[in-house]
Every structure is written in structure tokens, then in C-alpha cells.
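The values are calculated or read from the model by the stated rules, or taken from the named source; none is laboratory data. None of these values were measured; they are calculated from a predicted model. For neighbour counting, all protein chains shown are included, and Cβ atoms are generated from backbone atoms with ideal geometry for every residue, glycine included. Just so you know, the surface numbers come from the protein's heavy atoms only, side chains and all, with ligands and any DNA or RNA stripped out. Shrake-Rupley method; radii C 1.70, N 1.55, O 1.52, S 1.80 Å.
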Amino acid sequence: CEAGSGRRRVCSVSSVRWSAMSQDDEASKATKEAPVGGASDAADKAKKPAASSKKDESASDKKDEQELSPEDQALLEGLELAVERLQDEDAGVQAMALEHLVKEVRAATSSMTSVPKPLKFLRPHYETLKTAHASKVAAEIRSPLADLLAVLAMTMAPPGSRECLKFKKLGTRSDLGSWGHEFVRSLAGEIGEEYAKRQIDDSVGAPQQDDLLLLVDEIVPFHLQHNAEAEAIDLLIETQQLRKLRDLEARGLVDDNNYQRICLYLCRCAAYMADPDDLTELLDAAFHLYRSQRQFCDALRVALYAAAFGLDDGAAPTPAADDAAAAGSDAGPAAVSSSMGDDDDDDADNDEAPRGRSWRRLRQLFDEAPDAATRKQMALVAARNGLSSFEYEEDPETN
């Protein structure tokens, strides 16, 4: 009995332990399952305040955007008042209103990284200002108002309308840089578009481009003075005025500080010139700039590049020249030697032959070289381009 009771006690103790363990397991399962639903409910409850807070934040942001700072509000009111006064019948009131508009816009566009606030605030009044320019303002302020409209048209005119150029031609053509670099770039782009359109519309005769060229004469010096040589060259190429580089050099706008960038850009653009006349003008400009700066080896490379295209004698470009242009590199030896008559010795004494016309330019460069070391470098460039029969008898060592 004691053994049995002892056995029963052990069983009862184990059963109690087992039941306790099972209760603990059920409790743990219940606690694990409960947070799933509870967490989702809690998350749902947490999402609602978060969403509401986001809505409140967005509403507050919109409210902040609609609400202007005191300075912006004063600027807006001043511009709107000036637009209203510009429509007054008194010419003196119109002049004062225009002076205020010009002052605010010019100060904002002088260094522009984004659309200035005066341009944003004047956007609803662009058509009003155009109407005032057409009929309401006095004659003496019509030109300054056209200058202002040209700046506003930079961001407000319909695409392709070229209203920036239109109003600038009605205004003053001087002091373009006072309105900022972006305005000058925008105006230059519209000048190129208008020039090309006139060339296409009047392909038979010579279209009148004088009004555009007057603006080009103002924009190109501005670009050169502000280290924007590529933009200046682009405008000269688009308007076929590369010959003006010589005049700019005489005026001191092309010097030893920027001629390398200009010539390098010209040579790189040569690979993309489709018109032979434009290509001739481009390479001729680069050649004369290098020559005037006494960079004879570079001038010789440009001369050989031009010879590879047959530009000195009117011949057709050779296949090797086309390959060199596509690669944007110097002319190949085969192209230069064939175009300069290196395979034909019968024309060596004929000054009217293509070979003589091309070689006269090379001899001129060798004659102008300052010393023997420069002539040796030029001889190496000529030899690398396959001019095996070209001789310079004046300097036996160089020859």
C-alpha cells in the first residue's frame, strides 16, 4: 500500500506538473496569438493618426506655399501696381511704373539659377504688358518696354514663337548682358533659328539678315568676355559669320588666353560640318588664328586637314578624309598625300596645279617659322602625314 500510495503520489505529482505545463503552453499560445490581432488593431489605430497627421502636414505645406512672406507680398503688390500704372494715360506715370518693373526684373535676372520671383509674379500680366506696348504706352517708353517684354518672353512666350527676338528687335540692341547670361543664351538660340528659317524660305536669293547680324555683333563679344567661347562659336557657325573672328582678334577679344579653346572647338566641329563652304570657312578661321598666334605646328595640322578634304583646290574629299572627319582626328597620310598631289610629279612645277596651291600655304608656314627647331617639328608633322616628296630647300637640315 505504501508503495502503491507512493506510486500514486508520484503519478499525481507528475499529472499536476503535466497539467501545469499544458496550462502554461496554452497560455503562451494565447498570448502569441492575441498580439496578432491586437497588433493589427493597434497598427490600424496608429495608421489613422499618422495618415491624418500627413494630411494635416500637406495641408499646412499648401497653406505655407499660398502664404507669401512679407517681402514677397510687398514685391507682388509693387509689381501689380506698376502694371496697373503702366496703363495710365499720363506718360510720366507710365515712365515711373516701367522704371520700377525694369529695376526689379533686371536685379532678379542678373544671376539666375531658377525662375526669379518677379518673372513668376508677372506671368499673369504678360498679355497685359503686350497690349500696353502695342497701343497704350507713350512712344518714348515703347522701346524700353520692348526690352522688358523680351526678357519676360524668355519664360512666358509660346514655344517656337521667337517673341524674345521679336521684342528685342523692337527695343535697344546694346547692353544685352545687363539682363543676365540666360537671357543672352536664349536670344542667341532664337537668332540661330530665325537665321535658318530665312535661309530656307528664301533659298533662291540672299535673305536680309542685317537685323540679326547686328545682335550677333553684340552677343559674340559678350560670350568671349565671359569665357563662353563655345557658345560664341556656335552662334557664328549658325549665322555663317566665322570670318568675324579676325575682327574680334584685332579688337583684342581673341588673344593668347582663349585662342586655344576657340581653335580646338573649331577643329572638333569640323567633323560635323555638312556644307563644304562652311567647312572651308571653319578650317580657314582656325588656320589663321593659329598662324597669327605663331603656333605653326598647329596651323600646319589644320592646313593638312583642309588639304585632305580638297578644300584648297575645290577637289572632292577623299575616302580617307571622310574617315578622318568621322573619327574627329587629323587627316590620314593617304588622304593628304593624294589630295596634295604627292603621287604626281608632273605637276611639281605648275603653280596652277592643286599641288602647287596647297604647297604654297605649307611653304609660307615654313618661311614664317621663327627658328630651326620649329621647322623640324613642322617637318615631322608633314612626314607623319605622308608628304614624302615635299621639300624645303631653304633649310637643308629641316629638309
So how exposed is Ile141, as accessible area in Å² (1.4 Å probe, rounded to 10)? 10 Å²
Once the piece of chain linking Ser292 and Glu393 is laid out straight, how much longer is it, given 0.36 nm per residue of separation minus the C-alpha distance between them? 33.9 nm
What does the accessible area of Leu264 come to, in Å² to the nearest 10, when a probe of 1.4 Å is used? 90 Å²
Point-to-point label distance, Gln377-Asp277, nm (Cα→Cβ direction, 7 Å offset): 3.7 nm
Multiply the residue separation of Met96 and Gln199 by 0.36 nm, subtract the distance between their alpha-carbon atoms, and state the gained length in nm to one decimal. 32.9 nm
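Once you have the Kirkwood Rh of region 164-306 from its Cα pairs, apply Stokes-Einstein at 10 °C and 1.306 mPa s and quote D in µm²/s. Numbers along the way, then the final one.
Working: Rh = 15.9 Å.
Reported coefficient: 100 µm²/s.
Can you list the equivalent-ellipsoid semi-axes of region 162-247, largest first and in whole Å, using the square root of 5 times each Cα gyration tensor eigenvalue?
20, 16, 11
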Dipole in debye (nearest 20) - region 75-191, about Cα centre, beta carbon charges: Lys, Arg +1; Asp, Glu -1: 500 debye
Over the Cα atoms of region 100-174, each weighted equally, I'd like the Debye log10 I(q)/I(0) at q = 0.12, 0.28 Å⁻¹, rounded to two decimals. -0.30, -1.54
Could you sort Lys120, Lys169 by accessible area so the largest value comes first, with the probe set to 1.4 Å? Lys120, Lys169
FRET E, pair Ser110, Gln208, Förster distance 35 Å, beta-carbon r, rounded to 0.05: 0.55
Just how large is the dipole of region 188-311 about the Cα centre, in debye to the nearest 20, putting +1 at every Lys and Arg Cβ and -1 at every Asp and Glu Cβ? 700 debye
